[in-house]
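The values are calculated or read from the model by the stated rules, or taken from the named source; none is laboratory data. Being a predicted model, the structure only gives us computed values, none of them experimental. So basically every Cβ, Gly included, is an ideal-geometry build from the backbone, and we count neighbours across all protein chains shown. The area values use the complete protein model at the heavy-atom level, side chains included, leaving out ligands, DNA and RNA. Shrake-Rupley method; radii C 1.70, N 1.55, O 1.52, S 1.80 Å.
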Amino acid sequence: MYREKGKRMIAVRGIILILLILLSAVLVSCTKDDPKETEEPKAIESVELTTDQLRLAIGEKFTLKVKVNPDGAAYSTVLWN
């Protein structure tokens with residue numbers, strides 16, 4: 001009877017140790033060492049278009065491209081209306 005109880009105690013201690021190791025791994029991985037998480041979002045400083053003037057004949061097509069500065073600026077998606 002005492003041997004069974006001792007084996008159970010060892011098993012319980014092993015499970016607790018494994019759970020503590022997993023918990024510490026989760027806590028360490030959740031630290032804010034990643035600079036992307038701690039930096040303020042970059043404000044948009046300028047918007048550049050491929051051209052400021054263009055003449056097209058009827059039926060002609062042109063793709064207007066946009067670049068938002070600086071790279072990595074927050075809200076850099078451009079919607080055309």
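Of all the listed residues (Leu49, Leu54), the sole one being surrounded by 10 or more Cβ atoms within 10 Å (Cβ to Cβ), touching a Phe, Trp or Tyr at 6+ places or on another chain (Cβ under 7 Å) and modelled with pLDDT of 85 or more is Leu54. Asp71 meets the conditions (1) modelled with pLDDT under 85; (2) within 23 Å of the chain's Cα centre (by Cα); (3) open to solvent by 100 Å² or more (accessible area, probe 1.4 Å); (4) not β-branched (Val, Ile, Thr) in every case but one. The failed one is (1).
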